[in-house]
1. For helix 176-190, report the angle its Cα long axis makes with the longest principal axis of the Cα atoms of the chain; keep it between 0 and 90° and round to the nearest 10°.
2. Can you tell me the accessible area per residue over the stretch 348-408, all protein chains present, probe 1.4 angstrom, in square angstrom?
3. Under a 5 Å amide H to amide H cut-off, with H placed in plane at 1.01 Å, what residues pair with residue 310 once short-range neighbours are removed?
4. Under 11 Å from the Cβ of residue 171, count the other residues' Cβ atoms, weight Lys and Arg +1, Asp and Glu -1, and hand me the total.
5. Rounded to the nearest whole Å², what accessible area per residue is found for the stretch 183-332 with the 1.4 Å probe?
6. On a C-alpha basis, how far is the centre of the stretch 107-131 from the centre of the stretch 387-432 in Å? Whole number, if you could?
7. Pull up the DSSP beta bridges for the stretch 132-272 and report the antiparallel fraction as a percent, rounded to 5.
8. DSSP beta bridges in the chain, what fraction antiparallel, as a percent rounded to 5?
Amino acid sequence: MKQTKWWKNAVVYQIYPRSFQDSDGDGIGDIPGIISRLDYLKELGIDVIWLSPVYQSPQDDNGYDISDYYAIHPEYGTMEDMDRLIREAEKRGIKIVMDLVVNHSSDEHTWFTEAKKDRSSKYHDYYIWRQGEKGKVPNDLQSSFSGSAWEWNEETEEYYLHLFSRKQPDLNWENPGMRQDIYRMMNWWLEKGLGGFRLDVVDLLGKVPDEKIRENGPRLHEYIREMSRETFQKYDIVTVGETWGANVDNAKLYSNPDGSELSMIFQFEHIVASHSKEYGKWKEAEKDFVTIKKIFTNWQKELHGTGWNSLFWDNHDLPRAVSAFGNDGAYREESAKMLATFLHGFQGTPYVYEGEELGMTNVHMEDLSQVRDIEARNKYKELKKEGWSHEEIMASINHIGRDNARTPMQWDDTENAGFTTGTPWIGVNPNYGEINARAELADETSVFHYYKNLISLRKSQEWGEVLMEGDYTPWLEEDEDIFLYIRSLHGKKLLVLGNFHDKERKIALPVKIKTVLLKNYAEIQLQGDEISLRPYEALMAEVV
Ligand code: TEU
């Protein structure tokens, strides 16, 4: 096999530290808790952990507001714990990827506390300021977390920019000194033996606030290439950028195989396809499966040989995959496995979000007091002002809110799902009696075991290369229920087939099934070249 980047056949598992495992009974997940669960992840077969931020932070946005990049948030543990996590993971063949949040810092970072005191401070220019009159914002740029993106600073009598909460002031990437400070910090972490970085909202680094340009600013790729030269290229690591504003053209820059920028990006076309124009995700249109398939097909074809895809259904900002795209009622297990089949058959690096491998579902909240997420809490007030009723807003939050992904990991059927002996910082999903890791580990037909088998197929001598490098041929592209595609390499062919919906469908296969490798019903229903697919039925098979 030719020399390839190790991350091309890796599977990444995302941990949201606050919600994964508490070790000291304060109701908040922590690093020692993660260490105690490494054997579980080893059993699943993943190669990389992407750890959402554990740096010191006032936790206005659960750690995506960093006040010291060189320290661990005390609720999560100590730097010794972090070093131990890296070593213990390494012993199990697992690399740790940290979240790099450098579009903004916390307003409690010393850079900002210095910057806001005095216009002549060296750190003033580390942030983005505009003169103005109190009460008269520079322009109508909006924060992603509701309201104006400009906040008045009394001491220097100017506005600063915050594309997220007012406690997340945007860093000024035009300042070369600031950039060098960031690179120094990144190298300091990489020297500890990290597996890489996930770069938070990296497509915002080149923003031009006066022109209201957020994503894809003119100097964006210049900054990323500089960062890559100064840091990534000195190490054998994986890097993945979060880019809501990506398209296939700039994806080829970001994930250029020459290694000049990143390994890959997260693109969100399949997620935003159902968002509405006026209310974005808060008022979603029906999901259109034909569109979703076309989006995946386009990315598969466009990046083949020219870039690299990352594959995901959910993360800590999104509703649970099985609730958003599958069926979290009668066909929860079938549809969770079907979604995994669809995704893991593609070329790219799959990401599994904590609990996805159990088929964990969205949660139901009645009241704002149960909601923890700053985005949803701010949105509640905004929509209330616009005349939405409490019920309408809660329905939207329950459907799409970020807390869905952030309820505690369901380890077993004991109190608080085995997450904590204390009071969890966010309510546990009441369905933990039925859906939990202990039960699924003991059941060979569980969602957990299905993921485990999918991951081991990707690692296998037989199919690893086909999955990693094989060509991609879609069939039935206009079919509203069925996905059917074939991955092929050196004469070997892998069929990926499934029913995305709950009605039964019979289709004619364009190929002959030789061996079924994975399936989510006990037996397939094949007659000649016709196959009947039950609700959410899916399979992978060797075909000729
Ligand atoms: O998310 C980027 C982002 O744009 C989110 O606000 C996203 O649009 C939203 O959650 C979906 O409605 C990243 C992080 O993943 C997120 O957790 C942070 O809150 C955000 O950046 C700010 O750092």
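1. The answer is roughly 50 degrees.
2. Numbers: 2170 Å² over 61 residues.
Ligands and nucleic acids excluded, the figure is 36 Å² per residue.
3. Those qualifying (amide H under 5 Å, at least 5 residues apart or on another chain) are 265, 267, 349.
4. -2
5. So the stretch 183-332 comes to 38 Å² accessible per residue, rounded to a whole number.
6. Comparing the Cα centres of the stretch 107-131 and the stretch 387-432, I get a distance of 37 Å.
7. In the stretch 132-272, approximately 50 percent of DSSP beta bridges are antiparallel ones.
8. In the chain, DSSP labels about 65 percent of beta bridges as antiparallel.
The values are calculated or read from the model by the stated rules, or taken from the named source; none is laboratory data. What you see is a predicted model; the values in this text were computed from it and never measured. Cβ: placed from backbone, ideal geometry, glycine included. Neighbour counts: every protein chain shown. Side chains included, ligands, DNA and RNA excluded: accessible areas come from the protein's heavy atoms. Shrake-Rupley method; radii C 1.70, N 1.55, O 1.52, S 1.80 Å.
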